Amino acid sequence: MKQKLVTFIQSELLNDQQSITAEEDLLISGLIDSIGVMRLVGFIEKNLETTIPPKDVTLENFGNVNTIVSYLDSEIATI
Amino acid sequence: MSQQPITNLPRFDDLATRSNLTNSQLLVWLGQRLNPDSPLYNMAMRFDIDGALDVKAFREAISGVIKDSDTMRSVLEVTDQVPQQRIVSSIYDYFEFIDLSGFSDADQRCDDEIERRTGRIIDLSKVNFDCALIKLGTSHYVWFFNQHHCFTDIASIELIFRQVSNRYLVHISSESSASTSDAAVLPQFESYRTAEKFKHPDNPAPIEDSSTNPSTPIELYHNKSGSRDTRAYRVQTQLGEVLTRQLYALARRPEFSTLSLDLSVFNLVATAFFAYLHRISDDEELAIGCPVHNRGNINLKNTIGLFIEVFPLHVSVDPEDTFVTLHDKVSAATFQHLKSASAANSEVDAVRGYNVIFNYITAQFADFGPYPCRTDWLHNNHIDPQHDLRLQLFDLCGDGDLRLCFDVKRETLDEMRGNDALFHFVNVLKSLLSDPGQHISTVKLTGDTEGQKLLHRFWSYSQSTVESEHALYSESVVNRFRHQVKHRPDAPAVIDQDRSISYSELDHLSNMLAYRILNQVDAPKLIGVCAARSIELLVALISVHKAGAAFIPLDPANPDTRLQQICTNAGIKLLLCHSDQNHRLADICSTVINIDHTEHGFASQQLDVLPEISPEDDAYVIFTSGSTGEPKGVVIQQGALGDYVHWAARTYCNVKGQVAEPPASRQGCDFPLYSSIGFDLTLTSIFVPLSIGGCIRIYPDDRSAMDLSIIKVVQDDTVDVIKLTPAHLSLLTGMNLTTSRVHTLILGGEDFTTSLAQQAQRIFGSGIRVFNEYGPTEAVVGCMLHQYVPGEDNDVSVPIGHPAEGVNIYLLDSASNPVPEGVTGEIHIGGRRLASGYLRQPGMTSDRFIPDPFLPDRKMYRTGDLARVNRNRQLVYLGRKDSQLKIRGVRIEIAEISRAVKSHPLISDCHIGILQDTDRDTFQTPHYCASCGLASNYPGVSFDDAGLCNHCQDFNSYRNLAAGYFRSLPELQSHLVELSKPKRGRYDCMMLLSGGKDSTYALYQICAMDLNVFAMTLDNGYISEGAKANIRRSVADLGIDHEFVTTDFMNEIFSDSLNRHSSVCYGCFKTIYTLAINHAHKLDIPVIVTGLSRGQMFETRLTRQVFEQSEFDPESIDREVIEARKVYHRIPDKVTECLDMSLFASDDIFNEIQFVDFYRYCDVSMGAMYAFLEQHAPWTRPEDTGRSTNCLINDTGIFVHKQKMGYHNYALPYSWDVRLGHKQRTAALEELNDQIDANRVHEILQEISYDDGDLLQGRGHNKMVAYYTGNALVSTEVLKSYLRSRLPEAMVPSYFVFVDSFPLTVNGKVDHNALPDPRNERPKLDQVMIPATTENEKMLTRIWCDALRINQVGIHDNFFDLGGDSIVAIQIVVRAGQKGISLRPNQLFLHQTIQQLALAVGSKDSTDEQQQSADQTPFSLLNHDEDTLKNLSSLLDP
């Protein structure tokens, strides 16, 4: 999943112009914005056939790829 | 705008393929192409730079940006109507330097220049922007930059600004080189554009529910725009630093915070905006467009070009919402949309489909180079023609003070109202900020100043102006009458056909009667008057007043119960009545004075002095139907009545004062008295003429056709003023009365449409004065008035205009705040002309007559009527608050629909009815029988005081008798053995095995009887795997032969069964029986054993009626069951169409194969059954189905049945299980109230190809029916498509019914209850409707209509096409029998049309033959009522 997320962010959100690491701050650094995060949520939902409740879409959970993965691990059983 | 619209443009998708522009660009280009002279896409900015700018460096900086950005060098070339973007290597004439510093009026000149340039059309074939630097002083420059939206958006402009600023810094700091190394890396739009062009979005439908994508634009303040004019204006205000800080603070609170502050702010402001839009439109389903910058990554953020896309935000607002609950919906919707938003996903419809836009701009412009800079976004004074309103929210300078702009299309709201509108929105936003828990319906939209202004417009009463003249206004009607008696004693006061009495005679007679009243012991203050319209009636009414009492008019045309109810409620002791009414109320009223012969009898009475009448004395009490159904008496005082009469006389008869006039009758003041005296509208026609010297012409009650007396009135042509209802007026349609005496029509009582007002002008000629008088009984007949102005009043309804003298009208929201113009509010009536309250109803009185918040110490009446102020600042009536019709959240304007229907050339009049599903209301919580748990929503159920249902009560009476129907297991064994002799094939009997506990238990019992059993199961495609496993295990355990049978047509049968019976079981069981009989025949099995439960037997066969027969004969029931089987298998439906029915052609099969119901012979409790199965059988409870079923489609059948019929199809069967002790009441109720997964239902319905659109859409919605009169019946399809081109889909009625005329109530309003229920309409058939001609045909038609519950049957219509089935067939047989026509059910299947059937019964032979066969097989159930018959035909149903 981690790799999938990195790939999606790089190719879809960053247009292959930039590579990122799993630790890299996404939102705070301004790398992607809240709409980008929303698209990321859409991407995850589609891939995992799950629904992420709006209240879970927080900086803590979606700050970087690592936090996203650990959020998904703990909250979404299907991973 | 002068240009012609361009019509021959290619379609959008065609353009999209042929052009190299992105979709967003194309949309902008197209919008410009359609409005070539409008600068609507100019994005003009003004940057005020405070510093001694180096013009050369500035110029260099700009050139650099142009050089490095492909967008800046892009032009459009249009070939074959298709635009192509081309990048040129260099552009010219893009920059102008204007030095105004020498002018004293430099600022003004600058503003003018900027305004000129902002409105200038940019020629995209040359350059896509305009750039100027204006020098105003040595250290004040204005940079004007205006770029076409096709190539830019606000983020792009921010980027250009930053680029120019950075490059400028580089230029002024390093003189050496013009190269701009750090700023040169500008990504090119070209790469994005190409990528976007060839991108195939993998999720092309970001809108989660396209069906709710509303085509209905939001009507701002109920103004439609619809025009293509682009002229617009911007009104703006600063939110202020304090409120901006509050907003940010709120956005950071946990309950409102999201991923980013911007998004949280967006959600909060959008919440306020939705609340505002709801308040000013009344719409509950709101959709707006919201631009997103769509620059998802750093690369795009740094690209100059157009990226924004509009995403739709759709929110369902509930009037009960608080800001908090609405915010939850808004943020959920935003979340949903943003998740799926991605580049190239912009919906063309999304951009164009919304007339309201909310644009939150987060771009900020810093200083320019080293200098402070102020940024302003200039409005181009135009707007996309499809947009009525754009809310823009931004803080371009980053001051921490948000600016709110309303860009408003000029045609929608003028600038003054636009200003108010922005103010209203700001008020909503402020309310949100100060109290997020507030209900949105209570937010005050108007400020105090505007509220006062609005109030004053509808005030004609204030304490000071009026009290001085009070005496004149409040003079009693009797005194006004006496005044006329004095001046014209001999003038005719009342004419009743050949009888006529003068003013002095009327005065005398009423004096006499008044004395008689006063001579009663304890003469009451409240006197009932019950008399037909007559001279005596008028004498009586006046005499009551003269006696110092109030009258209660009792129209003899009302039913006894209503009159008695009124008399009892009012405690009437004394009644004045015609002797023919005496018997009706004598029991209730202790004293009755006969008024038949007023001329005689009391001439010699002692002439006492009659009492003085005070304005505070009660004058009359009129009973109106309350919404509760209980009539309530409205008490009106003398002063208020006098006040109304005075105003009405001046208004309608131009009688200014009470000056002495010649002793003749006053001209032009004659009224007809033709309407019910129980209706306060009629009082105008009595007291206005008598108070000014006019004459009343009486039209007596015409009991049979009261409606038509209005026609007689106009034909006689003896009156000048007519007070009437719109329904009365429409009866005159088509008449030519242009030479009539009538000069004034006063319409009241119902909504008065403009088209009817136009009719009035046609009927009476253009000279007629037509008044629309509004007023509830509580405000004395009429309190608002509008005189219809042809050509000016063009809305659907004639306005109700302005308040009468002495009346104040307040239009208030639910928190009693005045509502702004165009916003719906409830009419509150204040002033001096109000009822004193409801008779003997202090609670209701204080509820409706509440303290007037605007006039201290006065009351105002809360009408429950809704209205709003129209463009001409008149009030428009919108209907009752409690009967507002909303369909899918959109408020429906009945009058508008009615007008659209009437515009059809073949239709002359129309009345819209609302079918409320109250009789089949699934939403009310039912109550349940205390014993069996049968729900109160089951048809025909009633309960006794102990809460026992009628079925339980009945059952208790025949429980013992019924025992005679049942047998024992040994009897079953011998019966089966007997039936299987002589042995025909391998098997003795066939068991229908569903796999459930009942049939499995039965199978085990039968196998124990030493019979050779064959078991059969229908696999209908939805049998659970658990059940199948049970079946396999059981038959293996028993060692018997078993077969799963099926048919390929199961889904079609299910779908058909749902259509016909709202049940899947009906078709399934018919399939089982049909296949079983075929199979048994093939295998030569003589007996089929069913697992029909005892409850089902009681439900269908052993009904109360059976036991009411003189003798209970089980065998006759058996015979009837066999007869019913014959009918059942021959009813044509999908089963008979798809399965082999050849065996059923002859009755022989019913002798060859017998049915035996196992549980007729066995009584076993559920517990014992489970225990047995547990011990003896390898049977386990299936876990993959709903509770007690093996069938996965069962829930679907239940869901459909509940939706369509309003009750559970297992309600009665389960009640029988409970009644017989086979099921626990609580368990049954729990199971019946299980929630069914609607999504799963939808899936299954799709699997079986059942169209559930109507079902899911129709849930909980009222349906509209259009009743119409006209030249001819128009087909529903034609009408629907006609209306669809004129009305939003939600406003197209579901039903259309052609009627000869509209039935009227006794009060002259259209009688909704007397209109036919269109759910009973003849279905749409290919067959043309040919009416019956012969007597037989006519009689049969009536019987069919009655039994089929439809209003029309053509003689060639097929019985089954009309929805006929065995139930109906038997009902028809019964009804025909009652009319002396002998029929058998089979005849209906042989002769399936009225014509054929009439011929069959008409031919003597046939009748004889039928008579004979009817005698041979007595159909004893023919004497039963419908329920039994229904049960009979379902007696094969499980």
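The values are calculated or read from the model by the stated rules, or taken from the named source; none is laboratory data. No experiment lies behind these values; they were computed from the predicted model shown. Neighbour counts are summed over all protein chains in view; Cβ atoms, including those assigned to glycine, are modelled from backbone coordinates with ideal geometry.
Within region B:775-792, track down each residue that is out of contact with any strand residue (DSSP E or B) (no Cβ under 8 Å at 6 or more places or on another chain) and touching a residue at least 40 places away in the same chain (Cβ under 8 Å).
Passing the criteria: only B:Glu792.
Out of the residues in region B:270-305 that are assigned to a helix (DSSP H, G or I), within 14 Å of chain A (Cβ to nearest Cβ) and aliphatic (A, V, I, L, M), which is surrounded by the most Cβ atoms within 10 Å (Cβ to Cβ)?
Result: B:Leu300.
Within region B:1125-1134, which residues are within 43 Å of the chain's Cα centre (by Cα) and assigned to a helix (DSSP H, G or I)?
Residues satisfying the conditions are B:Val1127, B:Tyr1128, B:His1129, B:Arg1130, B:Lys1134.
It is to be established whether one or more residues within region B:518-532 are surrounded by fewer than 18 Cβ atoms within 10 Å (Cβ to Cβ), within 44 Å of the chain's Cα centre (by Cα) and either within 18 Å of B:Ser691 (Cβ to Cβ) or free of Cβ contacts under 8 Å to residues at least 12 places away in the same chain (or both).
Checked region B:518-532: no residue is surrounded by fewer than 18 Cβ atoms within 10 Å (Cβ to Cβ), within 44 Å of the chain's Cα centre (by Cα) and either within 18 Å of B:Ser691 (Cβ to Cβ) or free of Cβ contacts under 8 Å to residues at least 12 places away in the same chain (or both).
Within region B:1009-1056, take every residue that is touching a Cys at 6+ places or on another chain (Cβ under 8 Å) and part of a strand (DSSP E or B) and give me the one that is farthest from B:Pro1178 (Cα to Cα).
Of everything passing the filter in region B:1009-1056, B:Leu1018 is farthest from B:Pro1178 (Cα to Cα).
The rows are residues; the columns are (1) surrounded by fewer than 19 Cβ atoms within 10 Å (Cβ to Cβ); (2) over 28 Å from B:Arg741 (Cβ atoms); (3) not acidic (Asp, Glu).
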| position | (1), (2), (3) |
| --- | --- |
| B:Gln758 | yes, no, yes |
| B:Arg762 | yes, no, yes |
| B:Gly765 | yes, no, yes |
| B:Pro776 | no, yes, yes |
| B:Met784 | no, no, yes |
| B:Gly801 | no, no, yes |
| B:Ala804 | no, no, yes |
| B:Ser816 | yes, yes, yes |
| B:Glu821 | no, yes, no |
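Can you find a residue that is at pLDDT below 90, more than 24 Å from B:Ala757 (Cβ to Cβ) and aliphatic (A, V, I, L, M) anywhere in region B:694-705?
There is at least one residue in region B:694-705 that is at pLDDT below 90, more than 24 Å from B:Ala757 (Cβ to Cβ) and aliphatic (A, V, I, L, M).
Looking at region B:1140-1166, I want the residues that are among the polar types (S, T, N, Q) and have a partner that is surrounded by fewer than 18 Cβ atoms within 10 Å (Cβ to Cβ) with Cβ atoms under 8 Å, at least 6 apart or on another chain. Which pairs are those?
Cβ pairs passing all conditions: B:Gln1154/B:Leu979; B:Ser1165/B:Gly1221.
So which residues in region B:306-332 are within 14 Å of another protein chain (Cβ to nearest Cβ) and part of a loop (DSSP other than H, G, I, E, B)?
B:Phe307, B:Ile308
Considering only region B:1057-1080, I want to know if a residue exists there that is in contact with an Asp or Glu (Cβ under 8 Å, 6 or more places away or on another chain) and small (Gly, Ala, Ser).
Checked region B:1057-1080: at least one residue is in contact with an Asp or Glu (Cβ under 8 Å, 6 or more places away or on another chain) and small (Gly, Ala, Ser).
Would you point out which residue out of B:Glu1120, B:Glu1137, B:Glu1174, B:Glu1115 is crowded, with 17+ Cβ neighbours inside 10 Å, part of a helix (DSSP H, G or I) and of a type in the set (Asp, Glu)?
Just one listed residue meets the conditions, B:Glu1120.
Of everything in region B:786-799, what is surrounded by fewer than 20 Cβ atoms within 10 Å (Cβ to Cβ) and either in a loop (DSSP other than H, G, I, E, B) or in contact with a helix residue (DSSP H, G or I) (Cβ under 8 Å, 6 or more places away or on another chain) (or both)? Give them in sequence order.
B:Val789, B:Pro790, B:Gly791, B:Glu792, B:Asn794, B:Asp795, B:Val796
Take B:Asp945 and tell me if it is closer than 28 Å to B:Asp1113 by Cβ and among the acidic types (Asp, Glu).
no
So how many residues does region B:1039-1051 have that are over 52 Å from the mean Cα position of the chain (by Cα) and surrounded by 19 or more Cβ atoms within 10 Å (Cβ to Cβ)?
1
Within region B:397-411, can you find the residues that are among the basic types (Lys, Arg) and not in a loop (DSSP other than H, G, I, E, B)?
Selection gives B:Arg403, B:Lys409.
Any residue at all in region B:348-358 that is modelled with pLDDT under 90, over 28 Å from the mean Cα position of the chain (by Cα), within 14 Å of chain A (Cβ to nearest Cβ) and within 23 Å of B:Ile154 (Cβ to Cβ)?
no
Per-residue answers, yes or no, for (1) surrounded by fewer than 18 Cβ atoms within 10 Å (Cβ to Cβ); (2) farther than 23 Å from B:Thr334 by Cβ; (3) in contact with a Gly (Cβ under 9 Å, 6 or more places away or on another chain); (4) within 11 Å of another protein chain (Cβ to nearest Cβ):
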| site | (1), (2), (3), (4) |
| --- | --- |
| A:Ser19 | yes, yes, no, no |
| A:Ile28 | yes, no, yes, yes |
| A:Asp33 | no, no, yes, yes |
| A:Val41 | no, no, no, yes |
| A:Ile44 | no, no, no, yes |
| A:Thr51 | yes, no, no, yes |
| A:Thr58 | yes, no, no, yes |
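Would you please name the residue that is nearest to the chain's Cα centre (by Cα), looking only at residues in region B:1052-1110 that are among the basic types (Lys, Arg) and buried (at least 22 other Cβ atoms within 10 Å of the Cβ)?
B:Lys1070
Any residue in region B:808-826 that is in a loop (DSSP other than H, G, I, E, B), without any contact (Cβ under 8 Å) to a residue 40 or more places away in the chain and either in contact with a strand residue (DSSP E or B) (Cβ under 6 Å, 6 or more places away or on another chain) or closer than 26 Å to B:Ala421 by Cα (or both)?
Yes, region B:808-826 contains at least one residue that is in a loop (DSSP other than H, G, I, E, B), without any contact (Cβ under 8 Å) to a residue 40 or more places away in the chain and either in contact with a strand residue (DSSP E or B) (Cβ under 6 Å, 6 or more places away or on another chain) or closer than 26 Å to B:Ala421 by Cα (or both).
Could you go through region B:362-379 and let me know if any residue there is under 24 Å from B:Phe144 (Cα atoms) and of a type in the set (Lys, Arg).
Yes: one or more hits.
Do you know which residues across region B:78-124 are surrounded by 12 or more Cβ atoms within 10 Å (Cβ to Cβ), within 23 Å of B:Glu190 (Cβ to Cβ) and either touching a Cys at 6+ places or on another chain (Cβ under 6 Å) or of a type in the set (Gly, Ala, Ser) (or both)?
Hit for region B:78-124 is B:Tyr94, nothing else.
Before we move on, is B:Ser534 hydroxyl-bearing (Ser, Thr, Tyr), modelled with pLDDT of 90 or more and either in contact with a Pro (Cβ under 6 Å, 6 or more places away or on another chain) or closer than 23 Å to B:Tyr699 by Cβ (or both)?
Judged against the criteria, B:Ser534 is a match.
So, B:Thr624, is that one among the β-branched types (Val, Ile, Thr), loosely packed, with under 15 Cβ neighbours inside 10 Å and either modelled with pLDDT of 80 or more or under 46 Å from the mean Cα position of the chain (by Cα) (or both) or not?
When the stated conditions are applied, B:Thr624 does not pass them.
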